[in-house]
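The values are calculated or read from the model by the stated rules, or taken from the named source; none is laboratory data. Just so you know, these numbers come straight off a predicted model, no measurement behind them. Reconstructed Cβ throughout: ideal geometry from the backbone, glycine too, with neighbour counts over all protein chains shown. Side chains included, ligands, DNA and RNA excluded: accessible areas come from the protein's heavy atoms. Shrake-Rupley method; radii C 1.70, N 1.55, O 1.52, S 1.80 Å.
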Amino acid sequence: QVQVMESGGGLVQPGGSLRLSCAASGGIFELMTMGWYRQAPGKQREFVASIAEDADTNYSDSVKGRFTISRVNAKNTVYLQMNTLKPEDTAVYYCNAVYLHRTYWGQGTQVTVSS
């Protein structure tokens, strides 16, 4: 059973930066496609970024150029570096792992961008 756990959320001022971490266990991390999603109050969960086994990345248009996803296989961890944060980035951020055709979700971490 794959387990996914996010960390690194918090309160940050507009224009600031934050780095989220996501650790996955219970499978072969190198074979997982990892992704970040977010859900703002009253809105549906939306895709933010993903990184495949071969480190190929994808981003939503709303974060492209500001967020960077990366992975360190030796640590079974994926990161989301968030720069130039905006109030509209406020949301619960969820990490997921796609492994052997199944998707596993973490519990989420709150990111609040406010002055």
Report, to the nearest whole %, how much of the accessible area of the stretch 31-98 belongs to carbon and sulfur atoms, 1.4 Å probe, protein only. 47 percent
Over the chain, with the other protein chains present, what is the accessible area per residue in square angstrom, probe 1.4 angstrom? 54 Å²
So how much slack lies between residue 107 and residue 25, counting 0.36 nm per residue of separation and subtracting their Cα-Cα distance, in nm? 28.1 nm
Under a crude label model (7 Å from the Cα following the beta-carbon direction), how far is residue 75 from residue 7 in nanometres? 1.0 nm
Could you tell me what percent of the DSSP beta bridges with both partners in the chain are antiparallel, to the nearest 5? 95 percent
How many times 2.2 N^0.38 Å is the alpha carbon radius of gyration of the chain? 1.00
